[in-house]
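Asker: Before anything else, here's the structure in question.
The values are calculated or read from the model by the stated rules, or taken from the named source; none is laboratory data. Here the structure is a predicted model, which means the values were calculated and not measured. So basically every Cβ, Gly included, is an ideal-geometry build from the backbone, and we count neighbours across all protein chains shown.
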Amino acid sequence: MKKTLPLLSFLACFALVFGVKTYFLLQPRSEVSVLENEFDDSFEKNISIPETVSYNFDVKPILSDKCYKCHGPDPNSVQADFRLDISEDWYRISMENDNKKIISSGDLSKSELVDRIRSTRASHQMPPPESNLVLSEREKLIIEKWITQGAKWEPHWAYISPLKIEGKIDSKWNIDKFILLELEKKGLNISNEAPKELLLRRLYFDLIGLPPTLAQINQFLQDKSESAYEKVVDKLLSSQAYGERMASIWMDIARYADTNGYQDDTERTMWPWRDWVIHAYNKNMPYDQFVTWQLAGDLLPNATKEQILATGFNRNHMITQEGGVIEEEYRVEYVADRTVTTAKTFMGLTVECARCHDHKYDEISQKDFFNLFDFFNRIDEDGRISYTDKAPKPNIKLDHNLIKEKLPFIKIPDSIIELDLMVMKEADNLRKTYLLNRGAYDSPTDIELNGSMPSVILPFDQNFEKNRLGLSKWLFDPKNPITSRVAVNRLWQQFFGIGIVSTPSDFGNQGALPTHPKLLDWLSRKYIEESWNTKKMIKRIVMSKTYKQSSKPTPFKSKIDPKNYYLSHFPRQKLTAEMIRDNFLVSSGLFVDKVGGPSVKPYQPPGLWDELTGGSTSNSLKRYKMSTNGNQYRRSLYTYWKRTAPPPGMITFDASTRDYCTVERQKTSTPLQSLVLLNDPQVQEAAEYLATSLLSKELKSHKENIIHIYRKITGRSPQKKTLNYLIDYRKEVEKIHLQKAESLDKFDIRNKVYTSLSLLIYNLDETSQKS
Amino acid sequence: MEELNKYFLNNNRRHFLKNIGFGIGGLALGSMLDPFNLADSNKMSKLHSGSLPLPHFAPKAKRVIYLFQSGGPSQLDLFDYKPYLNKFRGIDLPDSIRKGQRLTGMTSNQSKFPVTGSIYDFKQYGESRAWVSSLMPNVSKIVDELCFVKSMHTEAINHDPAITFFQTGSQQPGRPSIGSWMSYGLGSLNDNLPSFIVLLSTGNGKPQPQPLYSRLWGNGFLSSLHQGVQFRSGKDPVLYLQNPEGVSKEERRKMLDHLAVINETQEKSFGDSEISSRISNYEMAYRMQTSVPDVMDISDEPDHILRMYGKNSYKPGTYAANCLLARRLIEKDVRFVQLYHTGWDQHDNLPSQISRQAKDVDQGTAALIMDLKQRGLLEDTLVIWGGEFGRTNYCQGKLTDIDYGRDHHPRSFTIFMAGAGIKPGFSYGETDDFGYNIVKDPVHVHDLQATILNQFGIDHERMTYKFQGRRFRLTDVHGEVKKELLDI
């Protein structure tokens, strides 16, 4: 194995690079394989061993990944009654040799662990061959160096409060200082500021999800004042579109959809909750309040309608109408969904495993899971709902008067008399929570749970209410080490594509370690100290040099840090599914800017719903009926989401399915994406509209026209080379059309040629990138 | 490695552009941009072979056709012959047999559970003497090619979780489909079609068949490169495949050529390798615009073949037409073809419904298997036929002389397989006289999944994907390869 490993990683790295990026075309052909992500890991780790080995940052990830499965927190799978995750067991006397300990601090020759990982005997070797887990040479060396250096224990990094981080960091620190600190260690530096046009487009997409218009670009280019950039930042942060952009991220987390999801997939009404999210972001509601209302708004003293409406967050999960299901089985699923979503979104913890057994990698027990589960288990709800029920209980009714007076941000159309939508409501003494054996609804044990939070993160204060409100108080307890870290990490991810912790839903033992731990802690602390002011935090990020720098790497930078973990240049990122479509709309002029209201149905290939909808639903969702009156040109945030047949263009561009909570989307590149960009009637329409509106105005030279279209679509002026290719293309296409149809008049031909040209520009890499 | 590959790619493209100059309409720039075409003629091919960790051992199968019978076909009316149920027709299912099996909400209110045999005739066929009812006259002729598993069982008792379980190894959504796993693990066998293709057809048995959901062929946490691509009947078999109206092939080619050079300048200035994959994707998309309509166009099929699949094979979107299409896709080396045929959910009016339903699939299924065989493709193509669960031995609703219905039954049901090293002319597993419990050789869904992967040379315990800190498998932490099903 030792000999073949470098070769394997070499080949696997190759398979990774090509397999991931280019679909079946470049997928490993025939019997060539993969296990791509596994090999990626080992490749990444194949770097030098640090001088001082850190338990948290170097050793524990190895032990967790390769050893905890049998020697970790799950008592049911602990072998030989020995755990590596707790230091008490480390120093036990070896069972094989009285002169040795399992780990003997500072002495390799007296540590059984070393014998085991170095052993070549199958019966003795750790990890054992049948586990299919292998320690790399580097991993073995790290463990050994750690033992030599004294094998010191530390609590998990993410559970040490960021407020307690040692070493004074004064108020003069800023993002760039932290970034530079790491860059300088590698002999790198931050890049120069990006060209103004690119920077503006980046900022627009990041803050409002839409591209700047020509007028906005020109204005920015002309503003030579020092505060030009900041002015735009402030303008965007106070625009309505900011809330829409933020909401579109929150919809993935909240698994928002317009249908119930299982089998017959009937309609539900949750869009007023979505309107609330937009509103909350726009008025810059502090994050602690934003979350508390969503988790426990109904439990606040004298809860307002708005606070109750916010709890819709936890009713967005899928609900079944399938005839004949066992209701309790599904009700338990819904409660588990809320439990998992809460842990993933607010605690950076994957708890799915702990539903069935104590977590194998993190110190989260099955009891911890059901303690959290208990908070969501006191809702008087149905496991199965009827086909016609658009707002299964518990729910609230909102009429026009109430909306006008108290909830004006809900954009209720006149045609709807009253809104009825799902919310959370505590029902006292409804049922008790028992630990379910293997997580199964029909296997309750006699272990009763009364609601609590994992003490490994922070013990649950006995003064907190034992309900969802107490849960929220625990989350926002200043002593809580995790909430702010997870939140700022997600904000960072929004701008840089990858979080400081690259696994935004897992800050546990199996999760990635932060690339800039001190920066993460500092940002977390700021977030708390500034009362969870989200706009302020975002402004801090986009005002940094790190954010504003150019996305062009130098060959040296690419060599030293090929994946740009340390941000020596801005990471180029593909626009999201929503942005790609919204860019068609805005750049062409088709866009209809209207905030809120019921979801809309833009263009979609015919027949998709018919194929997948069963006959037993006589509901309105059997056939897709495209919206009219401009509603088909609204922001993609408002596109109707039918879970069993989601909008195909969006799914092709890696939108999440909304079946469950998603905090990070995939980023892929496939031929199906090319087909959408080339042939989707929406793109075609945008290209045509753009060409027609251009030509209906005063005619200019071809060159000027091309520059105009190019700027509209990509937000920048074309480079000379590109412009020449485009000029050439216009001529070539004109030739084709002139040859083909004699009858067409000049205007028609111009129109067709410019449509084709616009379509080409819509397909450029530049167009779908945030550079 | 990446650099090396890119070098070949760029070198060729540059060379090509320099020599031919700009603006060559119609010429297949595609082949120049396609590393696999390069692979045939230079060092690249060597880089693509070699001892990588998959397959774990020598595979028997290269491709799969999974004929999923959605709704839960009644094993008791098709393959699992139980004369005892005819003899004791109408008696209440004894508790000693039911053993606390949970009931769906549809029969949990019934006070009686009268058992009923099938009204269809069962006979033994072929040298293997396999039992098949009169509902499947064509399948009965090919039983010596088939391996029946009469002892399948699952935990799920409702459609949505049960189908999801079969396809992804988990009852709740979120995991990759088996076809995605294959695509991820083994890669693609061809360079102009997706490796995982899905075909849908609607059954005639049930007036309102159960719906399907696109997540069944979803890639879950795997890269969306591995998602199933639905091929639809009609003019746009793959979404957005056709050029917009009025755009000629010539114009499109010209656009792609210009797109490639402009994107290339972009790549030079940003050094972003994503861009070269983007260029390749456009070429693949362009090739699909030809390859997909070609494979869908059955006009080159001789009459005797069409007759073999039955008269519905002329009607796009039917099960028979999809069977024929599946064979055509397999011939093009598509890795995984997944059919779904809805309508097997006979809660009531079972006799009239199931006769129509069986008629939908009988001839096409048998023709497909024999067609594969006569082309030598059955040797390394695995065909699977089956649904998400079975149906009860007792009647749902009113039992009359000529009518009955059956509820969902997860505890025992029948599927069959053919080809790719699966033992032909063989029946495995047994249920009791009531056709209720398995008495011999149970096969769990995870066992079936493990066995399928095994035929591809994949150890189901070793094909994992690490996601959110955990290594996931198609078979979760279960599953056992059923060696008895293999023709060794």
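Asker: If A:LEU567 meets every condition in (1) within 13 Å of chain B (Cβ to nearest Cβ); (2) crowded, with 22+ Cβ neighbours inside 10 Å; (3) outside any helix (DSSP H, G or I) apart from one, which number is that one?
Answerer: (1)
Asker: Report yes if B:GLN110 is free of Cβ contacts under 8 Å to residues at least 60 places away in the same chain and surrounded by fewer than 17 Cβ atoms within 10 Å (Cβ to Cβ), otherwise no.
Answerer: Values: free of Cβ contacts under 8 Å to residues at least 60 places away in the same chain: no; surrounded by fewer than 17 Cβ atoms within 10 Å (Cβ to Cβ): yes.
The answer is no for B:GLN110.
Asker: For region A:719-736, state whether one or more residues are crowded, with 23+ Cβ neighbours inside 10 Å and farther than 30 Å from A:SER191 by Cβ.
Answerer: The answer is yes; a qualifying residue exists.
Asker: Related question: Would you confirm whether any residue within region B:365-377 is away from chain A (no Cβ under 13 Å), part of a strand (DSSP E or B) and more than 17 Å from the chain's Cα centre (by Cα)? Let's see the steps before the verdict.
Answerer: Just the residues of region B:365-377 that are away from chain A (no Cβ under 13 Å), to begin with: B:365-377.
Now restrict to residues that are part of a strand (DSSP E or B): none.
Looking through region B:365-377, none of the residues is away from chain A (no Cβ under 13 Å), part of a strand (DSSP E or B) and more than 17 Å from the chain's Cα centre (by Cα).
Asker: What tally of residues in region A:94-152 results from selecting those that are at positive phi, hydrophobic (A, V, I, L, M, F, W, C) and within 35 Å of the chain's Cα centre (by Cα)?
Answerer: 0
Asker: Filter region B:152-198 down to residues that are over 22 Å from B:VAL292 (Cβ atoms), hydrophobic (A, V, I, L, M, F, W, C) and in a strand (DSSP E or B), then give me how many there are.
Answerer: Residues in region B:152-198 being over 22 Å from B:VAL292 (Cβ atoms), hydrophobic (A, V, I, L, M, F, W, C) and in a strand (DSSP E or B): 1 in total.
Asker: Does region A:145-167 include one or more residues that are of a type in the set (Val, Ile, Thr), under 30 Å from A:SER455 (Cα atoms) and modelled with pLDDT of 90 or more?
Answerer: Just the residues of region A:145-167 that are of a type in the set (Val, Ile, Thr), to begin with: A:147-148, A:160, A:165.
So of that shortlist, the ones also under 30 Å from A:SER455 (Cα atoms) come out as A:147, A:160, A:165.
Still in the running and modelled with pLDDT of 90 or more: A:147.
Scanning region A:145-167, I find at least one residue that is of a type in the set (Val, Ile, Thr), under 30 Å from A:SER455 (Cα atoms) and modelled with pLDDT of 90 or more, so the answer is yes.
Asker: Here is a follow-up. Identify all residues within region A:511-527 that are surrounded by fewer than 21 Cβ atoms within 10 Å (Cβ to Cβ) and either under 22 Å from A:GLU244 (Cβ atoms) or touching a Pro at 6+ places or on another chain (Cβ under 9 Å) (or both); write none if there are none.
Answerer: Correct list: A:ALA512, A:LEU513, A:TRP522, A:ARG525.
Asker: Now for a different question. Could you list, in sequence order, all residues of region A:442-489 that are over 15 Å from A:ASN377 (Cα atoms) and basic (Lys, Arg)?
Answerer: A:LYS473, A:LYS479, A:ARG485
Asker: Which residue pairs have Cβ atoms closer than 7 Å, lie 6 or more positions apart in sequence or on different chains, and pair a first residue in region B:172-194 that is in the same structural domain as B:LEU329 (by TED's automatic domain parsing) and within 19 Å of B:GLU461 (Cα to Cα) with a second residue that is among the polar types (S, T, N, Q) and in a strand (DSSP E or B)?
Answerer: Within 7 Å, the pairs are B:GLY179/B:GLN338.
Asker: On to the next question. For region A:321-361, which residues satisfy the criterion of being of a type in the set (A, V, I, L, M, F, W, C) and within 20 Å of A:SER452 (Cα to Cα)? Talk me through it step by step, then tell me what you get.
Answerer: The first filter runs over region A:321-361 and keeps only residues of a type in the set (A, V, I, L, M, F, W, C), leaving A:325-326, A:332, A:335-336, A:340, A:343, A:346-347, A:349, A:351, A:353-354, A:356.
Within region A:321-361, A:VAL332, A:VAL335, A:ALA336, A:VAL340, A:ALA343, A:PHE346, A:MET347, A:LEU349, A:VAL351, A:CYS353, A:ALA354, A:CYS356 meet the criteria.
Asker: To continue, here is another question. Within region A:483-502, take every residue that is among the polar types (S, T, N, Q) and touching a residue at least 60 places away in the same chain (Cβ under 8 Å) and give me the one that is surrounded by the most Cβ atoms within 10 Å (Cβ to Cβ). Please lay out each step first, then the result.
Answerer: Start the filter on region A:483-502 by keeping residues that are among the polar types (S, T, N, Q), which leaves A:483-484, A:489, A:493-494, A:502.
Those still in the list that are touching a residue at least 60 places away in the same chain (Cβ under 8 Å) too: A:483-484, A:489, A:493-494.
Values: A:THR483: 26, A:SER484: 28, A:ASN489: 24, A:GLN493: 18, A:GLN494: 16.
It comes out as A:SER484.
Asker: Moving on to the next point. Say whether the condition of being under 30 Å from B:SER74 (Cα atoms), touching a residue at least 40 places away in the same chain (Cβ under 8 Å) and either part of a helix (DSSP H, G or I) or among the aliphatic types (A, V, I, L, M) (or both) is met by at least one residue in region B:201-215.
Answerer: For region B:201-215, residues under 30 Å from B:SER74 (Cα atoms), touching a residue at least 40 places away in the same chain (Cβ under 8 Å) and either part of a helix (DSSP H, G or I) or among the aliphatic types (A, V, I, L, M) (or both): present.
Asker: Further question: Working only within region A:298-334, note down all residues that are assigned to a helix (DSSP H, G or I), under 22 Å from the mean Cα position of the chain (by Cα) and within 22 Å of B:GLN171 (Cβ to Cβ).
Answerer: If we filter region A:298-334 for residues that are assigned to a helix (DSSP H, G or I), which is where we start, we get A:298-299, A:305-315, A:327-334.
Next, from what is left, pick out any that are under 22 Å from the mean Cα position of the chain (by Cα): A:310-315, A:334.
Within region A:298-334, A:ASN314, A:ARG315, A:TYR334 qualify.
Asker: In addition: Looking only at region A:621-674, filter to residues that are assigned to a loop (DSSP other than H, G, I, E, B) and of a type in the set (Gly, Ala, Ser); which one of those is farthest from the other protein chains (Cβ to nearest Cβ)?
Answerer: So in region A:621-674, the residues assigned to a loop (DSSP other than H, G, I, E, B) come out as A:621-630, A:634-635, A:640-647, A:653-670.
Applying the additional criterion that residues be of a type in the set (Gly, Ala, Ser) yields A:627, A:630, A:645, A:655-656, A:669.
Working: A:SER627: 20, A:GLY630: 22, A:ALA645: 6, A:ALA655: 10, A:SER656: 11, A:SER669: 5 Å.
In this case the residue turns out to be A:GLY630.
Asker: Taking only region B:431-488 into account, find how many residues are among the charged types (D, E, K, R), more than 21 Å from the chain's Cα centre (by Cα) and within 18 Å of B:ARG411 (Cα to Cα). Break it down into steps so the answer makes sense when it comes.
Answerer: The first filter runs over region B:431-488 and keeps only residues among the charged types (D, E, K, R), leaving B:432-433, B:440-441, B:447, B:459, B:461-462, B:466, B:470-471, B:473, B:476, B:480, B:482-484, B:487.
If we keep only those that are more than 21 Å from the chain's Cα centre (by Cα) too, we end up with B:432-433, B:440-441, B:461-462, B:466, B:470-471, B:483-484, B:487.
Filter once more, keeping what is within 18 Å of B:ARG411 (Cα to Cα): B:432-433, B:440-441.
Adding up the residues that qualify gives 4.
Asker: Tally time: how many residues in region A:420-433 are buried (at least 19 other Cβ atoms within 10 Å of the Cβ) and at pLDDT below 95?
Answerer: 0
Asker: Given the conditions (1) over 21 Å from B:ARG63 (Cβ atoms); (2) buried (at least 16 other Cβ atoms within 10 Å of the Cβ); (3) touching a residue at least 40 places away in the same chain (Cβ under 8 Å), report the number of the one that B:VAL295 does not fulfil.
Answerer: (1)
Asker: Sort out which residues of region B:453-474 are buried (at least 22 other Cβ atoms within 10 Å of the Cβ) and in contact with a helix residue (DSSP H, G or I) (Cβ under 7 Å, 6 or more places away or on another chain), and write them in order of number.
Answerer: Scanning region B:453-474 gives B:PHE456, B:ILE458, B:HIS460, B:MET463, B:TYR465, B:LEU474.
Asker: When you look at B:ILE197, is it more than 7 Å from every other protein chain (Cβ to nearest Cβ), farther than 30 Å from A:ARG730 by Cβ, among the aliphatic types (A, V, I, L, M) and touching a residue at least 24 places away in the same chain (Cβ under 8 Å), yes or no?
Answerer: Numbers: more than 7 Å from every other protein chain (Cβ to nearest Cβ): yes; farther than 30 Å from A:ARG730 by Cβ: yes; among the aliphatic types (A, V, I, L, M): yes; touching a residue at least 24 places away in the same chain (Cβ under 8 Å): yes.
Yes: the conditions hold for B:ILE197.
Asker: In region A:240-292, what residues are among the acidic types (Asp, Glu), over 20 Å from the mean Cα position of the chain (by Cα) and assigned to a helix (DSSP H, G or I)?
Answerer: A:ASP275
Asker: Quick one: in region B:164-206, which of the residues that are among the aliphatic types (A, V, I, L, M) and more than 12 Å from the chain's Cα centre (by Cα) is surrounded by the most Cβ atoms within 10 Å (Cβ to Cβ)?
Answerer: Residues of region B:164-206 that are among the aliphatic types (A, V, I, L, M), as a first pass: B:178, B:182, B:186, B:189, B:193, B:197-200.
Keeping just the survivors that are more than 12 Å from the chain's Cα centre (by Cα) gives B:186, B:189, B:193.
On the way: B:LEU186: 30, B:LEU189: 19, B:LEU193: 24.
Here the residue is B:LEU186.
Asker: Quick one: would you say B:HIS226 is within 9 Å of chain A (Cβ to nearest Cβ), under 18 Å from the mean Cα position of the chain (by Cα) and in contact (Cβ under 8 Å) with a residue 60 or more places away in the chain?
Answerer: Taking the combined requirement at face value, the residue does not satisfy it.
Asker: From the set of residues in region A:374-411 that are in a loop (DSSP other than H, G, I, E, B) and among the aromatic types (Phe, Trp, Tyr), which is surrounded by the fewest Cβ atoms within 10 Å (Cβ to Cβ)?
Answerer: Only one residue fits best here, namely A:TYR387.
Asker: Only one of these is touching a residue at least 40 places away in the same chain (Cβ under 8 Å), in the same structural domain as A:ILE86 (by TED's automatic domain parsing) and out of contact with any His (no Cβ under 6 Å at 6 or more places or on another chain): A:ILE217, A:ILE143. Name it.
Answerer: When all the criteria are applied, what remains is A:ILE143.
Asker: Ok, one more. Could you list, in sequence order, all residues of region B:206-251 that are of a type in the set (Lys, Arg) and over 21 Å from B:LEU339 (Cα atoms)? Don't jump to the end; show me each part of the working.
Answerer: Kept after step one, since they are of a type in the set (Lys, Arg), are these residues of region B:206-251: B:206, B:215, B:232, B:235, B:249.
If the condition is that a residue be of a type in the set (Lys, Arg) and over 21 Å from B:LEU339 (Cα atoms), then B:LYS249 is the only one that fits.
Asker: From A:ILE707, A:ILE713, which residue is free of Cβ contacts under 8 Å to residues at least 24 places away in the same chain, of a type in the set (Val, Ile, Thr) and more than 7 Å from every other protein chain (Cβ to nearest Cβ)?
Answerer: Going through A:ILE707, A:ILE713 in turn, the sole match is A:ILE707.
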